[in-house]
Amino acid sequence: PRCKALKEMDFIQTSESKCYCYNQNSQMEWISLWSSVQVKITSPGLLSIVYITEMRNCQYPETILTFIKCVIHKFWAPKESNEITIIISPYEETKCFSVNPVREIFIYTIRVNRKIVDFKLFLVFVAGIFLFFYAKTLSQNPVFYYSSGTMLGVVMTLVFILLLVKRYIPKYSTFGALMVGCWFASVYVVCQLMEDFKWLWYENRTYMFGYVLVVGFFSFAACYKHGPLVDDKSRSLLMWTLRLLSLVLIYAGVAVPQFAYVVMILLMSSGSLHYPMKVFSYVKWKMKPWFTPGQPVVKCLTEEEYREQADAETTSALEELRRACRQPDFPSWIAISRLQAPKKFAEFVLGASHLSPEEIRLHEEEYGLGGAFLEEQLFNLQTDSLPAS
């Protein structure tokens, strides 16, 4: 209750040793999935930060994650500095801290800013999604094996050495305990180095290059000696390790924990989604005939029906042609100049038949009863039916 509540865009200048709290936002906004609050404390002298919330939670830790955070804060206390930046997630629990001048009293400044889209969080989230879907491909890639092994040897030397001497450790329980210890020790060393990275870069650049080259060379040599992973068990172990790391990146890359849980559940269940999709496709294929019109029934015409349809369509087309020729904009003189019998065409337009009596007589002689075409067809049919001698 005695702590001062911080709000966005606050600017505070004071010389008193006080505690401050940033309260959790009660209303969750989906537009702020990758937002973060930055509290920057600057002063001319050295300051020390004490995280009150972590101290209170560490008295009675309720979850394993809280216990891990307490262990990290126990061994990794923030150092004294004249410029301290605290990153707070707007949707986590209320975070309280106190600012204490180290030696003498002086004025320090507190600025509170909020980033609607923190691109670091977004890149971490995208990297987690990418790593989850490409974990199987990367676990089978020799280039990734050598590069990740070399990087692991440089960044987490203790973990890398423990993996090399794994075959000489008889019990899995002993190896698991050593792995947990080496992992926490490596994380602690990396965090301490990240705090002093600027000082190390400017003051001990030669030693850093030497360490990276020597340890990187031996790490690559060890990976090259063992060769890339060939058995399915080792590849599967590496794949699930990468997927576990991807879930950690997804959780760390989102400001809203509920959204991270939903994404993690969807990703974990995505491997078994092809079974429901197969069932859905089968049901859709079975129900498709119920909602689609049936195929049109094709019926063959008899000769009489064919002649009736041909006569009807021919009459309709001739009548349409006659109406088109009667239009005022029809180029009659151009059409007449190109016809061999313009008089016959004029009579057709006025309503006469398109066939002359002579053409009708010739057609009956050729295709009518007793015509040459019919006699030829009958003669060929009888010849084909005779047995071969």
With every protein chain left in place, what is the accessible area of T314 in Å² (1.4 Å probe, nearest 10)? 70
If you count only protein heavy atoms and use a 1.4 Å probe, how large is the accessible surface of K4, to the nearest 10 Å²? 90
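Order D231, D118, D329, D10, most accessible first, counting only protein heavy atoms with a 1.4 angstrom probe. Spell out each step's value before the answer.
Values: D231 70, D118 20, D329 130, D10 40 Å².
The most accessible residue leads, giving D329, D231, D10, D118.
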What accessible surface, in Å², does a 1.4 Å probe find on S15, ignoring ligands, DNA and RNA and rounding to the nearest 10? 50
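Among K166/K225; K18/K95; K136/K166; K7/K115; K18/K120, which pairs are too far apart, with a Cα-Cα distance over 19 Å? It would help to have the intermediate numbers written out before the result.
Numbers: K166/K225 15 Å; K18/K95 14 Å; K136/K166 24 Å; K7/K115 13 Å; K18/K120 30 Å.
Flagged as over cut-off: K136/K166; K18/K120.
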Report, by chain and number, residues whose modeled amide H sits under 5 Å from the one on H354, excluding near sequence neighbours (fewer than 5 apart, same chain). none
Difference of contour (0.36 nm per residue) and Cα-Cα distance, E83 to K7: 25.4 nm
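Using heavy-atom solvent-accessible surface (probe 1.4 Å) with all chains present, what is the largest-first order of M179, M287? Provide the component values of the computation, followed by the final result.
On the way: M179 45, M287 70 Å².
Largest accessible area first, the residues go M287, M179.
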Solvent-accessible ranking of F209, F345, largest area first, probe 1.4 Å: F209, F345
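The values are calculated or read from the model by the stated rules, or taken from the named source; none is laboratory data. Just so it is clear, the structure is predicted and the values come from calculations on it, not from any experiment. Accessible surface is based on the protein model in full, side chains and every heavy atom, while ligands, DNA and RNA are left aside. Shrake-Rupley method; radii C 1.70, N 1.55, O 1.52, S 1.80 Å.
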